[in-house]
């Protein structure tokens with residue numbers, strides 16, 4: 001089976017950098033996804049990592065270490081609109097059955 | 001506009017009264033999925049479908065049915081809803097390539113009394 005763990009809540013200041021961690025245990029590995037979800041809205045895709053290392057996309061970067069079962073999402077130059085929940089998700093070996101972590105609720109303060 | 005639509009967006013019903021939540025996508029995606037989201041538990045997959053007439057159970061399928069008769073539609077059926085099915089439901093779709101992002105519908109908030 002698959003198990004994913006993330007911190008429940010984080011707080012950071014506008015303009016700062018924040019790192020949101022995700023640890024996972026899976027019987028196989030088929031990549032790791034990050035999604036953003038604003039309160040009352042649908043999740044939206046942020047990133048997908050399948051190889052070790054850092055993927056950068058504007059203010060957001062995502063890192064993966066397959067040997068450690070670990071990923072993080074790095075948000076730079078935080079803005080108020082970044083206040084949201086961040087969800088880590090891994091699919092099964094066939095890329096079909098998805099398990100999501102509980103999500104990390106990020107609050108950005110002025 | 002590429003999108004996933006769900007109907008209804010809000011529904012209050014009573015225990016045992018059959019209901020269907022519809023989901024439709026206009027992106028010609030092969031993969032479709034249903035999730036429920038509950039506080040503290042995150043998103044949990046109910047059922048998914050790799051293509052027409054191909055469906056499989058996710059992690060929490062009990063009390064739900066699905067069908068995939070057409071590529072664009074993937075309805076979720078609750079034959080006899082119970083209060084523990086009160087939740088926020090999301091439909092999602094993606095292309096067939098592993099690593100393709102999932103596009104989520106706006107959500108359906110269901111209350112069963």
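The values are calculated or read from the model by the stated rules, or taken from the named source; none is laboratory data. Worth saying up front: this structure is predicted, and the values here are computed from it rather than measured. FYI the Cβ positions are ideal-geometry reconstructions off the backbone, even for glycines, and counts take in every protein chain you see.
In table form, for the structure just shown:
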{"item": "Test: residue in segment B:17-30 that is surrounded by fewer than 19 Cβ atoms within 10 Å (Cβ to Cβ), assigned to a strand (DSSP E or B), over 12 Å from the mean Cα position of the chain (by Cα) and touching a residue at least 24 places away in the same chain (Cβ under 8 Å)", "result": "yes"}
{"item": "Residue within segment B:34-41 that is over 17 Å from residue B:5 (Cβ atoms), touching a strand residue (DSSP E or B) at 6+ places or on another chain (Cβ under 6 Å), more than 8 Å from every other protein chain (Cβ to nearest Cβ) and free of Cβ contacts under 8 Å to residues at least 40 places away in the same chain present", "result": "no"}
{"item": "Flag if residue B:44 is under 14 Å from the mean Cα position of the chain (by Cα) and within 11 Å of chain A (Cβ to nearest Cβ)", "result": "yes"}
{"item": "Exclusive hit being more than 14 Å from chain B (Cβ to nearest Cβ) and assigned to a strand (DSSP E or B), set A:46, A:87, A:64, A:74", "result": "A:74"}
{"item": "Some residue of segment B:65-73 being modelled with pLDDT of 95 or more and either within 11 Å of chain A (Cβ to nearest Cβ) or touching a helix residue (DSSP H, G or I) at 6+ places or on another chain (Cβ under 8 Å) (or both)", "result": "no"}
{"item": "Filtered residue count, segment B:52-104, keeping only those that are part of a strand (DSSP E or B) and under 28 Å from residue B:1 (Cβ atoms)", "result": "16"}
{"item": "Residue A:54 being in contact with a strand residue (DSSP E or B) (Cβ under 9 Å, 6 or more places away or on another chain), assigned to a loop (DSSP other than H, G, I, E, B) and more than 26 Å from residue B:91 (Cα to Cα)", "result": "no"}
{"item": "Among (1) more than 30 Å from residue B:109 (Cα to Cα); (2) within 12 Å of chain B (Cβ to nearest Cβ), the one test that residue A:15 misses", "result": "(2)"}
{"item": "Only one of A:96, A:36 that is part of a loop (DSSP other than H, G, I, E, B), crowded, with 17+ Cβ neighbours inside 10 Å and touching a strand residue (DSSP E or B) at 6+ places or on another chain (Cβ under 7 Å)", "result": "A:96"}
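Listed here are the residues, each with its yes/no results for (1) out of contact with any helix residue (DSSP H, G or I) (no Cβ under 6 Å at 6 or more places or on another chain); (2) crowded, with 16+ Cβ neighbours inside 10 Å; (3) touching a residue at least 60 places away in the same chain (Cβ under 8 Å); (4) closer than 16 Å to residue B:101 by Cβ.
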| residue | (1), (2), (3), (4) |
| --- | --- |
| A:6 | yes, yes, yes, no |
| A:25 | yes, no, no, no |
| A:72 | yes, yes, no, no |
| A:79 | yes, no, yes, no |
| A:83 | yes, yes, no, no |
| A:86 | yes, yes, yes, yes |
| A:90 | yes, yes, yes, yes |
| A:106 | yes, yes, yes, no |
